[in-house]
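Here the structure is laid out as structure tokens; the discussion comes afterwards.
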Amino acid sequence: MPKDAAVEEFARLVRALKARDGRSYEALGRRLSVSASTLHRYCSGATVPEEFAVVDRLALLCGADEEERRALAAAWTEADRARRRAAPPAPMSAPTSVPPPVPTPVPSAPEPSPDPEPTAPKPTPAPEAPLPRPRRTPSLPAPLLVAGAVVLVVLALAAALLGRPSRTPSAPAPSPQREQPVPFTWAVGSQLWQGGCGHTYLVDRAPRAVAPPPVAADAGAWAGAHGAVHGGETLVRVTLQGRSPSTAVVLHALHVRVVGRAAPPPWNAYRTGSGCGGAVTLRHFAVDLDRPRPLARPVDGRDASGEEPRTIPAVSFPYKVTASDPEELLVSARTAGCDCRWYLELEWSSGDRSGTVRITDGGKPFRTSGTAGRPAYAFDTVEGRWITDAESGQSG
């Protein structure tokens with residue numbers, strides 16, 4: 001098979017996968033850790049990826065079966081061979097000529113210096129007048145001299161203890177080095193609802209003192225005004241983006257750190273919505289805060305909006321982000337019997353640098369509390385008030 005035909009066959013299969021999925025180059029590239037332009041070059045045949053792994057992830061993302069993945073692997077193998085055969089050989093550098101040695105000039109004999117001109121004899125200085133004798137100062141007795149020396153030593157020690165600056169010149173203190181900023185930015189959203197439809201809050205107020213439930217966009221202001229705590233679950237969205245367009249940041253791991261555990265407060269539970277079933281379940285990291293050492297466990301998403309449901313692969317580390325290819329990490333932390341305070345730690349590396357960033361709720365730990373046994377209320381839009389589940393059943 002000619003090399004251009006092998007590349008075109010591979011590109012045709014990649015285009016078919018992209019067309020089946022229906023998402024844009026940018027949306028698919030973000031999930032594959034490649035730019036939209038790179039994925040477009042794969043589909044057009046302008047570029048063949050050096051590794052099959054990125055194409056295999058595309059196949060899984062687009063719902064390809066085992067037979068389609070084997071055909072794609074065979075097409076990539078032929079296209080990769082064609083790419084290697086078509087690669088031009090590295091140019092050989094021409095030999096450099098050695099310049100002829102430069103002759104060292106022979107220094108000429110120095111010219112004789114002219115005879116010095118005769119100088120006039122110096123005049124004999126006149127005899128100086130005798131200096132006046134210094135007036136003799138009467139000497140102090142030896143005991144006074146010793147006492148004065150002791151006083152000077154005591155004063156010097158006192159100055160040292162009081163931290164007076166020394167008169168002896170010293171080298172200036174080195175200026176502190178400025179730390180380099182982390183090579184990526186991140187933003188945190190912690191007032192999220194499942195599917196944007198509803199959420200449960202614990203509030204230390206009677207129903208008549210609680211305002212009607214807000215829309216999802218105003219959840220942060222409503223929760224802050226009522227001193228509300230996430231009931232049962234906290235959803236955290238972390239948006240990450242590299243600072244430099246030419247330098248990638250590799251994310252290696254996501255850790256959960258619990259800094260406080262207590263019994264859930266005896267507050268009322270208020271549900272802001274009845275929930276709604278969505279056709280798309282987002283991929284996320286599930287955290288069980290009731291475990292002694294909670295872990296961030298990656299969970300696949302599910303898209304049931306098409307004729308056949310398909311799986312959205314979970315984020316697996318290591319994961320790469322750049323300035324043009326940001327990423328969102330969704331964390332679902334749940335508890336049944338704990339008033340937990342916790343935060344996240346994200347390990348990263350970029351070039352020869354590495355580190356860990358702490359992700360918090362505006363500088364404070366996230367807080368999630370269980371709701372078991374707490375009075376639960378839902379809002380009755382007809383009567384315009386919060387009612388219990390029992391009242392809701394009687395009214396129905």
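Can you spot a residue in segment 54-63 that is out of contact with any strand residue (DSSP E or B) (no Cβ under 8 Å at 6 or more places or on another chain) and without any contact (Cβ under 8 Å) to a residue 12 or more places away in the chain? Checking segment 54-63: not a single residue is out of contact with any strand residue (DSSP E or B) (no Cβ under 8 Å at 6 or more places or on another chain) and without any contact (Cβ under 8 Å) to a residue 12 or more places away in the chain. The helices (runs of 4 or more DSSP H) found wholly in segment 2-52 and carrying at least 2 residues that are of a type in the set (Ser, Thr, Tyr), at pLDDT 90 or above and in contact with a helix residue (DSSP H, G or I) (Cβ under 8 Å, 6 or more places away or on another chain) occupy 36-44. When Gln241 is tested against the conditions (1) out of contact with any strand residue (DSSP E or B) (no Cβ under 6 Å at 6 or more places or on another chain); (2) under 22 Å from Gly355 (Cβ atoms), the lone failure is (1).
Does segment 271-281 contain at least one residue that is in contact (Cβ under 8 Å) with a residue 24 or more places away in the chain, in a strand (DSSP E or B) and within 24 Å of the chain's Cα centre (by Cα)? Taking every residue of segment 271-281 in turn, none turns out to be in contact (Cβ under 8 Å) with a residue 24 or more places away in the chain, in a strand (DSSP E or B) and within 24 Å of the chain's Cα centre (by Cα). The set of residues in segment 306-323 that are farther than 27 Å from Ser37 by Cα and modelled with pLDDT under 80 comprises Glu307, Glu308.
The values are calculated or read from the model by the stated rules, or taken from the named source; none is laboratory data. Quantities reported herein were computed from a predicted structural model and do not represent experimental measurements. Every residue, glycine among them, receives a Cβ derived from its backbone with ideal geometry; neighbour counts consider all protein chains shown.
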